[in-house]
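Peer 1: Dumping the structure here so I can ask a few things about it.
The values are calculated or read from the model by the stated rules, or taken from the named source; none is laboratory data. Being a predicted model, the structure only gives us computed values, none of them experimental. All Cβ positions, glycine included, derive from the backbone under ideal geometry; neighbour counts span all protein chains shown. Note: areas computed on protein heavy atoms with side chains; ligands, DNA, RNA excluded. Shrake-Rupley method; radii C 1.70, N 1.55, O 1.52, S 1.80 Å.
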Amino acid sequence: MHLAWEASTDMLLYQTKSGPLLRSGDDLYSLNEDWETLVNDPRLPETLRRATGSSNRLSGSTHSISSPLAPIGDSQEVWAAGVTYFRSRTARMEESQEAGGGDVYDRVYAAPRPEIFFKATPHRVVGPGQPMTLRADSKWIVPEPELVLVIARDGTIVGYTVGNDLSCRDLEGENPLYLPQAKTFDRCAALGPAVLVPEEGPIDPASKVRLVIRRGGATAFEGETTLSQMKRSHEELVGFLFRHNAHPHGVLLMTGTGVVPPNDFCLARGDVVEISIDGIGTISNPME
């Protein structure tokens, strides 16, 4: 798998089998530090800028990177925030209506405290091109395209990547207490293809999040939203994630979804899910 590159003033950090690679402008750099040390650095942008001024530039740099891995360290965790978009709030209410729990999601959408939950450990995470698992005991599974915050040990947001929070809507809708089973299972999360490290300021709130689901070569569903549709700020979500909850190795936080397929849609084996976010790239994963 090769990833095309479009020139940008921001930096893109890739994890590969040969170690971290940094794309800055038209140049590609090989970095000597291990992945977890890099993304756990509160001053990551400065560290990467120093690397571009060193002798790490790869000669004959091309405009593609082959087979990137999921951008997560061996000791890191993936957490997630729910009901951060109005569309997600509506979908959660619809799926739990019969169980009598619909107002739970309406209340958390408007509450001072957000929904924060544990999503995955590294062995449950896949990277670009790797298959994700559809639970055999669920009959209503959907992808959730999400911006993922890459956060250092002190709570500093150092970068952004693309995530797929694969979710079993029937399990969660039956009873909110089934959330861990609806969200956390083998190969339930996808991350990649890279970590965007902006030169200045946070990611542009006008950035689009796009979801395309392909079935048998045809488009079964597509939709998009913008990051500006999020109700809560990234800083607010990180603040609650770090309340009495240390992350010494750094952590990744999925920030919720604003693109939800219709209620009669369920993923099937063989489907391919593509999620894109402006400035970061596209992650594509088959379902099995």
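Peer 1: Being at pLDDT 85 or above, out of contact with any Gly (no Cβ under 8 Å at 6 or more places or on another chain), under 23 Å from residue 235 (Cβ atoms) and acidic (Asp, Glu) is true for just one of 146, 77. Which residue is that?
Peer 2: 77
Peer 1: Any idea which of 122, 193, 128, 180 is more than 23 Å from residue 22 (Cβ to Cβ), at pLDDT 95 or above and out of contact with any helix residue (DSSP H, G or I) (no Cβ under 9 Å at 6 or more places or on another chain)?
Peer 2: One residue alone meets the criteria, 180.
Peer 1: Sticking with this structure for a sec: Residues in region 139-171 that are open to solvent by less than 10 Å² (accessible area, probe 1.4 Å), over 19 Å from residue 71 (Cβ atoms) and not in a strand (DSSP E or B): how many?
Peer 2: 1
Peer 1: A follow-up question, please. Filter region 20-47 down to the residues that are over 19 Å from residue 192 (Cα atoms) and assigned to a helix (DSSP H, G or I), then identify the one that is most open to solvent (accessible area, probe 1.4 Å).
Peer 2: Taking the candidates together, the pick is 46.
Peer 1: When you go through 9, 62, 84 one by one, which is the residue that is surrounded by 15 or more Cβ atoms within 10 Å (Cβ to Cβ), modelled with pLDDT under 95 and polar (S, T, N, Q)? Working first, answer last.
Peer 2: On the way: 9 fails: surrounded by 15 or more Cβ atoms within 10 Å (Cβ to Cβ); 62 fails: surrounded by 15 or more Cβ atoms within 10 Å (Cβ to Cβ).
None of the others qualify; the one that does is 84.
Peer 1: In addition: Just to be sure I understand the filter: pairs with C-beta atoms under 7 Å, separated by 6 or more residues or on different chains, first member in region 274-288 and assigned to a strand (DSSP E or B), second member at pLDDT below 95 and open to solvent by less than 30 Å² (accessible area, probe 1.4 Å). Which pairs pass?
Peer 2: Matching pairs, first to second residue: 281/3.
Peer 1: Something else now. Looking only at residues that are in contact with a helix residue (DSSP H, G or I) (Cβ under 6 Å, 6 or more places away or on another chain) and β-branched (Val, Ile, Thr) in region 256-288, which one is most open to solvent (accessible area, probe 1.4 Å)?
Peer 2: The qualifying residue most open to solvent (accessible area, probe 1.4 Å) is 260.
Peer 1: Still on this model: State which residue is least open to solvent (accessible area, probe 1.4 Å) when the search covers only region 200-255 and only residues that are over 20 Å from residue 273 (Cβ atoms) and basic (Lys, Arg).
Peer 2: So the residue we want is 232.
Peer 1: Going through region 131-145 one residue at a time, which ones are acidic (Asp, Glu) and under 16 Å from residue 212 (Cα atoms)?
Peer 2: 144
Peer 1: May I ask you to say which residue of 204, 186 is over 26 Å from residue 67 (Cα atoms) and more than 14 Å from the chain's Cα centre (by Cα)? Walk me through it before giving the result.
Peer 2: Values: 186 fails: over 26 Å from residue 67 (Cα atoms).
Selected residue: 204, the only one of 204, 186 that is over 26 Å from residue 67 (Cα atoms) and more than 14 Å from the chain's Cα centre (by Cα).
Peer 1: Determine if region 90-106 includes at least one residue that is modelled with pLDDT of 95 or more, of a type in the set (Gly, Ala, Ser) and crowded, with 21+ Cβ neighbours inside 10 Å.
Peer 2: no
Peer 1: Moving to a separate point now. Given the criterion closer than 19 Å to residue 215 by Cα, surrounded by 17 or more Cβ atoms within 10 Å (Cβ to Cβ) and touching a residue at least 60 places away in the same chain (Cβ under 8 Å), identify the matching residue among 128, 114.
Peer 2: After ruling out the rest, the residue left standing is 128.
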